[in-house]
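Here is the structure we will look at, set down as structure tokens.
The values are calculated or read from the model by the stated rules, or taken from the named source; none is laboratory data. The shown structure was predicted, so the numbers you read here are calculated from the model rather than taken from an experiment. Backbone-built Cβ (ideal geometry, glycine too); neighbour counts: all protein chains shown.
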Amino acid sequence: MRIAARDGTRLHIAETGPPDGRPLVFANSLGTDLRIWDDVLPRLPDGLRIMRYDMRGHGLSDVPDPPYGMGTLVADAEAVLDTLDVRASCFVGLSIGGMVAQGLAVKRPDLVGALVLSNTAARIGTEALWDRRIADVRRHGLDTMADGVMERWFGRDFRASGALPMWRARFCETPPDGYVGCCAAIRGGDFYTPTSGLRLPTLVIAGSEDGTTPPDLIRETAALIPGSEFAIIRRAGHLPPIEAPAEFGRVLAAFLNRPDVSALASPGTRR
């Protein structure tokens with residue numbers, strides 16, 4: 001376990017693979033932690049330096065008082081990569097993690113050589129939606145809204161499986177201040193203009209049954225980046241690394257093996 005500290009906030013990092021391997025970084029979604037990637041990692045190519053971190057307010061990272069700004073979350077990601085001495089990474093972000101990925105690629109192109117945007121968009125929801133969500137959590141907590149979240153997160157097959165209760169419980173373990181803080185960051189996040197200026201290898205992934213960021217919204221974001229690759233994972237919802245890790249891993253591995261991606265940060269090229 002490693003820690004990156006920024007402005008008094010400690011961010012939990014898990015790192016595996018050779019220290020001189022090609023850097024691959026994962027950022028989690030709202031209401032989850034770095035464990036969402038567990039079943040994807042064994043399906044990826046050998047030789048990668050894999051780094052996952054918990055968003056502030058989530059997992060084992062600190063929970064500062066909300067609200068958080070999207071710029072703060074982007075700066076957190078920047079601090080994680082600088083702490084680990086990473087350059088030219090392939091940065092994978094899901095949902096709010098994908099918004100952070102867009103912001104980081106714009107702010108620090110030296111840190112991001114390729115981008116994977118999963119179940120995310122340049123803008124997610126409306127200010128009114130996030131205001132209601134924040135108020136609901138403040139009044140009632142996460143447990144009362146968990147069933148509705150599970151319905152938006154997961155496809156029908158997964159909701160009928162025995163795995164759903166575990167993920168519902170993990171959602172309810174999220175610190176309310178961390179959840180509310182990140183809701184505020186999403187509320188203020190709008191990357192339509194900055195993302196349209198990105199020019200780097202990009203894979204955009206959608207789930208066919210995603211009730212949070214529907215495929216059409218994700219495809220619209222993919223269209224902002226010239227030459228981006230779009231993939232849809234069938235019978236999966238908002239969290240395909242959990243629902244369909246084999247397919248998610250296959251799509252991600254194919255992207256990592258593309259010549260323009262695999263050449264970005266071969267061993268010995270990190271500064």
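Structure notes:
- For Arg22, the requirement of being modelled with pLDDT of 95 or more, within 20 Å of Gly189 (Cα to Cα), of a type in the set (D, E, K, R) and buried (at least 23 other Cβ atoms within 10 Å of the Cβ) is not met.
- Checking Glu247, Glu209 one by one, the residue that is surrounded by 17 or more Cβ atoms within 10 Å (Cβ to Cβ), outside any helix (DSSP H, G or I) and among the acidic types (Asp, Glu) is Glu209 and no other.
- When we screen Pro259, Pro214 for residues that are within 14 Å of Ala114 (Cβ to Cβ) and out of contact with any helix residue (DSSP H, G or I) (no Cβ under 9 Å at 6 or more places or on another chain), the only hit is Pro259.
- Selection over region 212-244 of residues that are over 15 Å from the mean Cα position of the chain (by Cα) and either of a type in the set (Phe, Trp, Tyr) or part of a loop (DSSP other than H, G, I, E, B) (or both) gives a count of 12.
- Unique match (being in contact with a Phe, Trp or Tyr (Cβ under 9 Å, 6 or more places away or on another chain), under 21 Å from His58 (Cβ atoms), assigned to a helix (DSSP H, G or I) and not charged (D, E, K, R)) among Cys183, Cys172: Cys183
- Where a residue in region 228-251 is in contact (Cβ under 8 Å) with a residue 12 or more places away in the chain and on the phi > 0 side of the Ramachandran plot and its partner, wherever it lies, is of a type in the set (A, V, I, L, M, F, W, C) and in a loop (DSSP other than H, G, I, E, B), with Cβ under 9 Å and at least six apart: Arg235/Ala244
- Counting only strands (runs of 3 or more DSSP E) wholly contained in region 1-79, the ones carrying 3 or more residues that are farther than 17 Å from Leu252 by Cβ and among the aliphatic types (A, V, I, L, M) occupy 2-6, 9-16.
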